[in-house]
Amino acid sequence: MSFALIDKVNQEQKKHAVVDTRSGDTVRVHQKIKEGNKERVQVFEGVVIRTDNKKSHTSRITVRKVASGVGVEKSFLLHSPLVEKIEIVRRAKVRRNFLSYLRERSGKGARLKAMQFDREAVNDVSEPVAEEAPASAEANETADEMPKAE
């Protein structure tokens, strides 16, 4: 099997737009859960402690939260069809990609310094729609109005 064929299949399975998550972000991940014949959406909110392969179709984030005094970590493939959407709730200033030191810390020691960011702009993953038909129609109108040189 050629690499070009494998690459083509991988590109077809990628989502068109994904939220740009970074280490230190507090995210809310909406994941589809199938139980028997029922399907529901489960929300997992926590701090991104690791990002892997950001440009690849196998890009992954590891999210950590503390539930009932127990640390829980989950890895999510960003381009997986089971991950419905990812919202960035809070953005923090960190200087590392892998925040493994948060595992040993709790309470005030596990706090990260928050940064200001535009929440709506960051969480907007819709692609801008190009309006080609009206633009070409306007170009035709201006061409008709211009005087012709004789």
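List of remarks:
- Of residues in the stretch 45-65 being of a type in the set (V, I, T) and without any contact (Cβ under 8 Å) to a residue 24 or more places away in the chain, the one surrounded by the fewest Cβ atoms within 10 Å (Cβ to Cβ): T58
- Considering only residues in the stretch 66-106 that are assigned to a loop (DSSP other than H, G, I, E, B), more than 16 Å from the chain's Cα centre (by Cα) and hydrophobic (A, V, I, L, M, F, W, C), the one that is surrounded by the fewest Cβ atoms within 10 Å (Cβ to Cβ) turns out to be F98.
- Flag if R60 is closer than 16 Å to D20 by Cβ and under 11 Å from the mean Cα position of the chain (by Cα): yes
- Matching residues in the stretch 107-135 - criterion: being of a type in the set (V, I, T) and either part of a strand (DSSP E or B) or at pLDDT 75 or above (or both): V122
- Test result for R60, at pLDDT 90 or above and farther than 22 Å from D118 by Cβ: no
- Odd one out for V27, checked against (1) touching a residue at least 60 places away in the same chain (Cβ under 8 Å); (2) more than 14 Å from the chain's Cα centre (by Cα): (2)
One line per residue, one yes/no per condition, for (1) on the phi > 0 side of the Ramachandran plot; (2) in contact with a helix residue (DSSP H, G or I) (Cβ under 9 Å, 6 or more places away or on another chain):
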| site | (1), (2) |
| --- | --- |
| E45 | no, no |
| V48 | no, no |
| H57 | no, yes |
| L77 | no, no |
| V83 | no, no |
| E87 | no, yes |
| G107 | yes, no |
| R111 | no, no |
| V122 | no, no |
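- Filtering the stretch 34-55 to residues that are part of a strand (DSSP E or B) and farther than 19 Å from R96 by Cβ leaves K34, E35, K38, E39, R40, V41, Q42, V43, F44, E45.
- For the stretch 21-44, the set of residues classified as surrounded by fewer than 13 Cβ atoms within 10 Å (Cβ to Cβ), under 30 Å from S106 (Cβ atoms) and out of contact with any His (no Cβ under 6 Å at 6 or more places or on another chain) consists of I33, Q42, listed by residue number.
- Tallying residues that are out of contact with any Ser or Thr (no Cβ under 8 Å at 6 or more places or on another chain) and either more than 27 Å from R103 (Cβ to Cβ) or not hydroxyl-bearing (S, T, Y) (or both) within the stretch 11-33 yields 16.
The values are calculated or read from the model by the stated rules, or taken from the named source; none is laboratory data. Worth saying up front: this structure is predicted, and the values here are computed from it rather than measured. Here the Cβ is made from the backbone with ideal geometry for all residues, glycine too, and neighbour counts use every protein chain on show.
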